[in-house]
Amino acid sequence: MSTIAVTGSTGQLGALIIKSLKTKGANDVIALARTPSKAEALDVPARKADYNQPNTLLSALQGVDTLCLVSSSEVGKRLEQHANVINAAKEAGVKNIVYTSLLNADTSTLSLAGEHIGTEKLLKESGLNYTLLRNGWYTENYASAISAAPQIGGVFGSAKDGKISAATRQDYAEAAAVVLTHIDDHKNASHELSGDVAFTLEDLANEIGKQTNKSISYTNLPAEEYASVLIKNGVPEGFAHMLADLDVETAKGALHDPNNNTLSTLIGRPTTPLSTAVKDILNG
């Protein structure tokens with residue numbers, strides 16, 4: 001069996017991908033992390049790999065056949081970091097790279113899309129086999145809103161009635177594990193991945209209310225006002241404005257992926273329902 005390595009292995013998605021690989025019987029998996037000691041709980045060999053230190057990447061990728069490149073969390077630095085990984089992979093003799101991109105990256109109006117498009121271009125020009133996992137929104141992105149809603153009595157945003165085709169990180173992780181363990185079936189492919197059933201923020205508020213037996217409403221705010229609310233609640237100013245702008249694009253359909261069951265087909269089951277995701281978050 002070929003050797004599979006996963007970057008960002010101590011992050012929320014990377015750790016779930018490794019656990020899913022183990023569930024599927026992959027027994028030659030390497031966790032790549034900036035601090036390998038933090039990956040001990042994954043019970044697989046861990047190697048130091050820092051996106052910002054190419055020398056660590058080249059060493060970490062020795063003997064790796066297939067690399068899962070989990071996109072960096074450092075918005076604004078991603079393209080340079082991803083380029084470091086791709087260049088090191090080429091030099092180390094990696095054969096395949098599976099990259100976690102963004103839903104409809106090439107047509108998306110989200111500000112996050114640019115670095116993903118740039119990374120996809122680098123992969124296509126690299127000469128390596130690549131697979132693009134264009135992940136939709138994570139339901140867990142609303143975890144803080146779900147947890148706070150029972151205390152503050154509502155959900156706030158600027159998404160109006162925009163539909164959100166979200167799925168859980170576990171859903172996306174399982175899909176990545178399927179692709180990584182059947183890489184020959186997915187070489188040079190691009191998969192648009194999203195939840196089976198879309199919801200609005202009003203649907204989210206209603207679900208929270210149903211599960212907590214409280215009156216939870218959704219309040220739509222102008223983007224600047226929503227950003228101000230986030231800032232007052234401790235969200236850094238730049239990130240708050242990014243979230244508000246994202247909601248504006250959500251209202252225009254940027255997170256909606258109608259009639260797409262690629263994710264559920266890959267994982268062999270329906271994607272996790274909103275009710276289950278909300279319950280898990282509320283139960284912490």
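Any read-out appearing in this document is the output of simple, stated calculations on the displayed coordinates, not a laboratory observation. Here the structure is a predicted model, which means the values were calculated and not measured. Don't worry about glycine lacking a Cβ; one is built from the backbone with ideal geometry, like all the others, and counts go over all protein chains shown.
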| Hey, what's the per residue convex hull volume over the C-alpha atoms of the range 23-112, in cubic angstrom? | 121
| Picking from Ser73, Ser264, Ser59, which is most flexible by a Gaussian network model of the chain using Cα springs under 10 Å? | Ser73
| Kirkwood-based Rg to Rh ratio, the range 148-284, C-alpha trace | 1.03
| request: Write out the trypsin sites (Lys or Arg not before Pro) in the range 18-110 meeting two conditions: DSSP loop, and at most 15 other Cβ atoms within 10 Å of their Cβ. | output: Lys24, Lys77, Lys95
| query | Around Thr66, what is the net charge, scoring Lys/Arg as +1 and Asp/Glu as -1 over all other residues with Cβ under 13 Å from its Cβ? | reply | -2
| message | Quick check: net charge around Ala159, other residues with Cβ under 14 Å of its Cβ, Lys/Arg +1 and Asp/Glu -1? | response | -4
| said: Can you tell me the length gained on complete extension of the stretch Glu40 to Gln151, counting 0.36 nm per residue apart and subtracting the Cα distance? | reply: 36.3 nm
| Given q = 0.11 Å⁻¹, what are the Debye log10 I(q)/I(0) values for the chain, with equal point scatterers placed on the Cα positions and solvent ignored? | -0.65
| query | Going down the table (Lys24/Lys95; Lys48/Lys163; Lys19/Lys48; Lys77/Lys279; Lys19/Lys214), which pairs top 28 Å between alpha carbons? | reply | Lys48/Lys163; Lys77/Lys279; Lys19/Lys214
| task | Mind checking the full-extension length gain between Thr23 and Glu91? Use 0.36 nm per residue of separation minus the Cα-Cα distance, one decimal, nm. | result | 21.4 nm
| Within the chain, helix-based [θ] at 222 nm, where runs of 4 or more DSSP H residues each add -39,500 (n - 2.57), nearest 500 | -13000 deg cm²/dmol
| Measuring from label point to label point, each 7 Å out along Cα→Cβ, what is the Thr276 to Lys160 span in nm? | 3.2
| What nm value, rounded to one decimal, do you get for the distance between Ser190 and Leu221 when each label is placed 7 Å out toward the C-beta? | 3.6
| request: Output the antiparallel fraction of DSSP beta bridges having both residues in the chain, as a percent to the nearest 5. | output: 5
| task | Give, as ranges by residue number, the residues of the range 194-232 whose backbone N falls under 16 Å from the point 7 Å along Cα→Cβ of Asn261. | result | 194-198
